Each structure stands twice: as structure tokens, then as C-alpha cells.
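Asks: Dumping the structure here so I can ask a few things about it.
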Amino acid sequence: MANQVVCQEASHSCSWYTASGPQLNAQPARAVIASRKDEFTIIPILVGALSESKEQEFGRLFSKYLVDPSNLFVVSSDFCHWDQRFCYSYYDESKGEIYRSIEHLDKMGISIREQLDPISFSNYLKKYCNTICGKHPIGMLLNAITELQKNGMNMSFSFF
């Protein structure tokens, strides 16, 4: 089978991230929850269910790779999986319709992740039992960042 390049239009540009290519390119990243097209070698690391202590341990191990500017970490997540088939149907009626309650949960999780505090993220998961896909790799990443911060590195994390 010949190599194929598949392109998909950026349907969400201008909604939660800029549509400006130069602006996107000016924002350096060491880790991304999503992906960007470029030439690189992918080294997949599959992460299953981990305890908090294992997230901390792997975070410490990966921190030395995260600090290297030639490395890019891609953590994939589509946030909350809400439905009976995922055994998760948390609903806060005060938020309005179900999708608003789910949106509120996801925005809460995003806000906590932007704080770069793995303990707060873990507490959020425990409190709401949110079925965030990729929660353990996210926990590892937050712990790697925490390890780098202990050594004086200033990092930030934001969603656009």
C-alpha cells in the first residue's frame, strides 16, 4: 500500500484555538493533548490504568525527556465519556441540559489541568469519578511537569 497523506479541514479553528498559522507556530509546545502535522518519529507509549504513585514514578522518569526541546509529548484525550455504556452518567441539573453538565465537568477538568497540579487533578477525578479518556497519561504528564518545576523550570499549560 502506498503512503497516503490524509488532510482534514480544521473545523474548530477560531472556536477554541486561533486560525492563524503564524500564531500557532509561535506557540512552542513540549506536550500537546491533540496532534500537529510535522515530520517526526513517533515512539508510542501505551498507558493503562495506573495508581497515583505510578503516575508520579513515571512522571519523574519522563521529566528528563520532557525538558529536552527535541522531544514532543502527545497525550490524546477526548475528555468525559458520558453514557450508560461507560457506566458514567453524572448530571448536575443546576447546569441545565445534560450536555451543559458534561461541558461544565470538562471545563472544570481543563481548568484544573492548567494549574499543573497533579494532586488537584487526581482529587477532581475522585470527586466526580469522571471517565476522562487518557486520564493516566495526563497524570503522568502533570507529574513530569511538577518534577521539572521542583528543579526551577517554569512551564505553563493552556487550552486555546
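Asks: Answer with yes or no whether F86 is within 19 Å of the chain's Cα centre (by Cα), at pLDDT 70 or above and not β-branched (V, I, T).
Replies: Criteria not met by F86.
Asks: While we're on this one: Return the residues of the stretch 137-150 that are of a type in the set (S, T, N, Q) and either without any contact (Cβ under 8 Å) to a residue 24 or more places away in the chain or buried (at least 24 other Cβ atoms within 10 Å of the Cβ) (or both); say none if nothing qualifies. Steps first, please.
Replies: Keep residues of the stretch 137-150 that are of a type in the set (S, T, N, Q), which gives 143, 146, 149.
If the condition is that a residue be of a type in the set (S, T, N, Q) and either without any contact (Cβ under 8 Å) to a residue 24 or more places away in the chain or buried (at least 24 other Cβ atoms within 10 Å of the Cβ) (or both), then N143 is the only one that fits.
Asks: Does S77 satisfy the condition of being more than 19 Å from the chain's Cα centre (by Cα), among the hydroxyl-bearing types (S, T, Y) and at pLDDT below 85? Break it down stepwise before answering.
Replies: On the way: more than 19 Å from the chain's Cα centre (by Cα): no; among the hydroxyl-bearing types (S, T, Y): yes; at pLDDT below 85: yes.
It is false that S77 is more than 19 Å from the chain's Cα centre (by Cα), among the hydroxyl-bearing types (S, T, Y) and at pLDDT below 85.
Asks: Quick check: is even one residue across the stretch 96-119 on the phi < 0 side of the Ramachandran plot, touching a His at 6+ places or on another chain (Cβ under 9 Å) and at pLDDT 95 or above?
Replies: First pass over the stretch 96-119, keeping only residues on the phi < 0 side of the Ramachandran plot: 97-115, 117-119.
From what's left, touching a His at 6+ places or on another chain (Cβ under 9 Å): none.
No; the residues of the stretch 96-119 include none that is on the phi < 0 side of the Ramachandran plot, touching a His at 6+ places or on another chain (Cβ under 9 Å) and at pLDDT 95 or above.
Asks: Pairs only if they're at least six apart or on different chains, beta carbon under 6 angstrom, first in the stretch 118-134 and farther than 24 Å from K150 by Cα and touching a residue at least 40 places away in the same chain (Cβ under 8 Å), second surrounded by 14 or more Cβ atoms within 10 Å (Cβ to Cβ) and aromatic (F, W, Y); list them, first residue then second.
Replies: Between residues of the stretch 118-134 that are farther than 24 Å from K150 by Cα and touching a residue at least 40 places away in the same chain (Cβ under 8 Å) and residues that are surrounded by 14 or more Cβ atoms within 10 Å (Cβ to Cβ) and aromatic (F, W, Y), the close pairs are T131/Y88; I132/F79.
Asks: Give the residues of the stretch 61-103 that are in a helix (DSSP H, G or I) and surrounded by fewer than 15 Cβ atoms within 10 Å (Cβ to Cβ), sorted by residue number.
Replies: Answer for the stretch 61-103, where residues must be in a helix (DSSP H, G or I) and surrounded by fewer than 15 Cβ atoms within 10 Å (Cβ to Cβ): L61, K64, Y65, Q84, R85, F86, E93, S94, K95, I98, Y99, R100.
Asks: Continuing with this model, one more query. When you scan the stretch 119-160, how many residues do you find that are within 18 Å of W82 (Cβ to Cβ) and not in a helix (DSSP H, G or I)?
Replies: Restricting attention to the stretch 119-160, the residues satisfying the condition of being within 18 Å of W82 (Cβ to Cβ) are 124-135, 138.
Imposing the further condition that a residue be not in a helix (DSSP H, G or I) reduces the set to 129-134.
Within the stretch 119-160, residues that are within 18 Å of W82 (Cβ to Cβ) and not in a helix (DSSP H, G or I) number 6.
Asks: Identify all residues within the stretch 104-132 that are surrounded by fewer than 20 Cβ atoms within 10 Å (Cβ to Cβ), under 10 Å from the mean Cα position of the chain (by Cα) and either aromatic (F, W, Y) or closer than 16 Å to E52 by Cα (or both); write none if there are none.
Replies: Residues satisfying the conditions do not exist here.
The values are calculated or read from the model by the stated rules, or taken from the named source; none is laboratory data. What you are looking at is a predicted structure, and each value in this text was computed from that prediction instead of being measured. Heads up, the Cβs are rebuilt from the backbone with ideal geometry, glycines too, and the neighbour counts pull from every protein chain shown.
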